[in-house]
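Here it is, the structure in full.
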Amino acid sequence: MPEELAIGLDIGGTKVAFVLADRQGRIYADKTLPTNSGAVAEDFFDRIGSLLNHYLDRNTNISGIGIGVPGPVASQRGIALHAANLGWKEVPVRDAVAARLSRLLPIFVDNDVNCGAIGEQEFGGLQGISHFVYLTVGTGLGGAAMLNNRLMRGAAHSEMEIGHVSLDPINGLPCTCGMRGCLEMTISGKGIVAQAQHHLADYPDSLLRQAEITTREIIKAADTDDSLARHVMHEAGSALGIACAWCVNLFNPQLIVLAGGLIMAAYHLLKAPMHRELRARSLPINSTAVDIKLAKLSNAALGASALVWNHRHRGE
Ligand SMILES: [Zn+2]
């Protein structure tokens with residue numbers, strides 16, 4: 001067995017993923033539990049507590065626990081401020097978990113996108129990189145920025161909300177945040193579905209008229225040259241290029257890492273328009289300094305376990 005292990009937990013809307021992993025990111029145990037969102041938080045934390053104690057009682061070499069949760073997190077205090085898909089507001093995750101453990105251990109809580117970025121830096125394609133931007137292109141569009149090896153943190157713990165920068169607040173498609181025309185309504189899973197539905201009437205021959213419109217169907221149709229699907233994916237790639245252009249001009253990163261289900265499934269469709277917009281909309285000194293790569297790490301719980309090692313390097 002390795003000298004030291006860490007536990008990673010990723011709390012999502014439908015499931016909680018657990019890993020027991022070492023400093024190199026090798027996984028020794030993993031498990032998933034249903035979240036049962038809507039259940040009272042006390043019951044939820046009781047179940048998490050028994051899962052953690054099962055492993056703590058059998059492994060004396062566990063050094064800490066990292067926990068990823070959606071939405072803004074006051075990481076210094078370990079509080080999930082607003083996890084909409086869990087129905088959580090101001091939930092003291094760190095204290096709730098600590099109170100149920102059979103022994104005292106450091107517990108770190110952070111936003112799930114920050115966990116992804118830190119995990120990628122510990123175990124994936126960002127090792128040794130101290131200035132980077134990490135964008136998640138999945139159901140929504142989110143991001144994290146690391147400058148001089150420190151994650152950028154905002155006043156209300158809601159930094160890097162690049163998905164909710166609006167390109168067209170008057171005529172754009174309505175977004176779940178209440179605004180219109182957010183980047184996320186063009187480049188994300190829910191965005192491409194909304195755009196395909198919005199433009200459907202203009203493309204009477206589209207294959208998408210015959211099926212329920214899903215991310216998967218749009219990608220499949222774009223791969224067979226369906227003009228509506230092609231249009232939607234082209235616009236999505238351009239919007240991603242705009243997001244990257246802002247990031248490179250604002251943060252001057254060495255690397256932008258793209259993570260998330262949509263980018264992994266559709267990078268071949270998004271890549272060309274993304275690079276075109278990035279070059280057209282950013283300073284050459286910034287855009288030539290940056291490389292864009294896909295994330296290597298896809299295990300969110302493993303990303304959360306990296307919080308333990310990351311806090312250790314920084315001596316916090
Ligand atoms: Zn929005």
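I need the full set of residues from segment 234-268 which are of a type in the set (Gly, Ala, Ser) and farther than 15 Å from residue 144 by Cβ, in order please.
The answer is 236, 237, 238, 239, 241, 245, 261, 265, 266.
Surrounded by 21 or more Cβ atoms within 10 Å (Cβ to Cβ), in the same structural domain as residue 143 (by TED's automatic domain parsing) and closer than 22 Å to residue 190 by Cα: which single residue out of 221, 211 fits that description?
221
Return a yes/no flag: does segment 185-197 have any residue that is more than 21 Å from the chain's Cα centre (by Cα), within 16 Å of the ligand (Cβ to nearest atom) and surrounded by 13 or more Cβ atoms within 10 Å (Cβ to Cβ).
Yes, because at least one residue in segment 185-197 is more than 21 Å from the chain's Cα centre (by Cα), within 16 Å of the ligand (Cβ to nearest atom) and surrounded by 13 or more Cβ atoms within 10 Å (Cβ to Cβ).
When you look at residue 22, is it closer than 19 Å to residue 95 by Cβ and surrounded by fewer than 21 Cβ atoms within 10 Å (Cβ to Cβ), yes or no?
In short, no.
Answer yes or no: is there a residue in segment 259-271 that is buried (at least 17 other Cβ atoms within 10 Å of the Cβ) and either not assigned by TED's automatic domain parsing to the domain that holds residue 287 or not in a helix (DSSP H, G or I) (or both).
Yes, segment 259-271 has at least one match.
Now for a different question. Among the residues that make up segment 150-160, is at least one of them within 14 Å of the ligand (Cβ to nearest atom), over 20 Å from residue 238 (Cβ atoms), of a type outside the set (Gly, Ala, Ser) and surrounded by 15 or more Cβ atoms within 10 Å (Cβ to Cβ)?
Looking for residues that are within 14 Å of the ligand (Cβ to nearest atom), over 20 Å from residue 238 (Cβ atoms), of a type outside the set (Gly, Ala, Ser) and surrounded by 15 or more Cβ atoms within 10 Å (Cβ to Cβ), one finds at least one in segment 150-160, hence yes.
Quick check on my filter: what residues within segment 162-178 are more than 8 Å from the ligand (Cβ to nearest atom) and free of Cβ contacts under 8 Å to residues at least 24 places away in the same chain?
168, 169, 170, 171, 172, 174
Being at pLDDT 95 or above, touching a Phe, Trp or Tyr at 6+ places or on another chain (Cβ under 8 Å) and surrounded by 14 or more Cβ atoms within 10 Å (Cβ to Cβ) is true for just one of 56, 51. Which residue is that?
Every option except 51 fails the conditions.
Let me ask something additional. Could you grab me the full set of residues in segment 1-16 that are touching a Leu at 6+ places or on another chain (Cβ under 7 Å) and either free of Cβ contacts under 8 Å to residues at least 12 places away in the same chain or of a type outside the set (Val, Ile, Thr) (or both)?
Correct list: 5, 8, 13, 15.
Looking at residue 181, is it within 16 Å of the ligand (Cβ to nearest atom), in contact with a strand residue (DSSP E or B) (Cβ under 6 Å, 6 or more places away or on another chain) and either assigned by TED's automatic domain parsing to the domain that holds residue 253 or charged (D, E, K, R) (or both)?
So residue 181 fits the description; yes.
Okay, next question. Looking at (1) part of a loop (DSSP other than H, G, I, E, B); (2) surrounded by fewer than 18 Cβ atoms within 10 Å (Cβ to Cβ); (3) in contact with an Asp or Glu (Cβ under 8 Å, 6 or more places away or on another chain), find the lone condition where residue 63 falls short.
With respect to (1) part of a loop (DSSP other than H, G, I, E, B); (2) surrounded by fewer than 18 Cβ atoms within 10 Å (Cβ to Cβ); (3) in contact with an Asp or Glu (Cβ under 8 Å, 6 or more places away or on another chain), residue 63 is out only on (1).
The values are calculated or read from the model by the stated rules, or taken from the named source; none is laboratory data. These numbers come from a predicted model, not from an experiment. Methodologically, a virtual Cβ is constructed for each residue, glycine included, from the backbone with ideal geometry; neighbour enumeration extends over all protein chains shown.
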